[in-house]
């Protein structure tokens, strides 16, 4: 027995004071309505209605049960209404994790554009520099790259490409000299972002791959710290380009060894989330919005390149 359905049938029979009218409204046969009310009474082991060929009358227990049915049905209808409304207009708080690579340049414009379309959604944002476990942190979505991605069960949708760049201040390079090949970095102070493991910088050209140890000068688990050290003329830093793009454009930092591909080449920024099914509307809408936004940007960039 579908108890909620039988409660709805019982309520309509009482409201309309007729089995046949209730059957017509509910799209059921009169016999099915009669069986439904009978099954409910059998389940409760009590009579809810006194009826004869001319009229229906609630028993005392039936009257009390009717009020309870109305409260339950009203709550369920309201809950369903709220869920339907939420699917049309996402709301609530999205817990977002983002690699600093993405957060420092792309995340705020993305969330601003999204919130202009869905103003009832708020954000709780956590940023990270090194390896990160999205599932353990109970985040709704994560913007990450393939170097700090952790979680093979997550779904990954590609968004954008980012490159690493070696940089230093003009003051440092004037004092220590501009390196003309990766081997020359052994005579320089190197500043690196590290997750605690030993780290090598990798450079490549058409001839070979060069690996340079970064175990001296400074290592930190924060892009912001390494950037700050570079701006203080401490040495040469290797950082994601978006982190230092403004510094390079205003001349505060200068690219080093631009002719080489660095750390295995460009890497992909992706939006990660847990599973494709049963996502809330706010999560699904942010995923779809992000993918569509970057797909449009990539298409425009490709058209500009062709032109």
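The values are calculated or read from the model by the stated rules, or taken from the named source; none is laboratory data. The structure displayed is predicted, hence computed values, not measured ones. Cβ: placed from backbone, ideal geometry, glycine included. Neighbour counts: every protein chain shown.
Could you please let me know if residue 233 is at pLDDT below 85, touching a strand residue (DSSP E or B) at 6+ places or on another chain (Cβ under 9 Å) and under 26 Å from residue 190 (Cβ atoms)?
no
In region 170-185, what residues are surrounded by 17 or more Cβ atoms within 10 Å (Cβ to Cβ), touching a helix residue (DSSP H, G or I) at 6+ places or on another chain (Cβ under 9 Å) and not in a loop (DSSP other than H, G, I, E, B)?
Of everything in region 170-185, just one residue is surrounded by 17 or more Cβ atoms within 10 Å (Cβ to Cβ), touching a helix residue (DSSP H, G or I) at 6+ places or on another chain (Cβ under 9 Å) and not in a loop (DSSP other than H, G, I, E, B), namely 172.
Only residues that are in a helix (DSSP H, G or I) and either in contact (Cβ under 8 Å) with a residue 60 or more places away in the chain or assigned by TED's automatic domain parsing to the domain that holds residue 102 (or both): list them for region 186-235, please.
Residues satisfying the conditions are 223, 224, 230, 231.
Being more than 21 Å from residue 264 (Cβ to Cβ), in contact with a strand residue (DSSP E or B) (Cβ under 9 Å, 6 or more places away or on another chain), surrounded by 15 or more Cβ atoms within 10 Å (Cβ to Cβ) and at pLDDT 90 or above is true for just one of 141, 244, 167. Which residue is that?
Within the list 141, 244, 167, the selection yields 141.
Looking at (1) farther than 30 Å from residue 140 by Cβ; (2) touching a helix residue (DSSP H, G or I) at 6+ places or on another chain (Cβ under 8 Å); (3) not in a helix (DSSP H, G or I), which is the one condition that is false for residue 72?
Looking at each condition in turn, residue 72 falls short on (3).
Looking at this structure, is residue 12 over 30 Å from residue 273 (Cβ atoms) and either modelled with pLDDT of 90 or more or outside the structural domain of residue 290 (by TED's automatic domain parsing) (or both)?
Yes.
Which members of region 98-129 meet the condition of being in a helix (DSSP H, G or I) and modelled with pLDDT of 90 or more?
Hits for region 98-129 are 107, 108, 109, 110, 111, 112, 113, 114, 115, 116, 117.
Residues in region 9-29 that are assigned to a loop (DSSP other than H, G, I, E, B) and under 47 Å from the mean Cα position of the chain (by Cα): how many?
Total satisfying the criteria: 2.
Given (1) within 30 Å of residue 296 (Cα to Cα); (2) surrounded by fewer than 20 Cβ atoms within 10 Å (Cβ to Cβ); (3) modelled with pLDDT of 85 or more, identify the lone condition not met by residue 147.
In the conditions (1) within 30 Å of residue 296 (Cα to Cα); (2) surrounded by fewer than 20 Cβ atoms within 10 Å (Cβ to Cβ); (3) modelled with pLDDT of 85 or more, residue 147 misses (3) alone.
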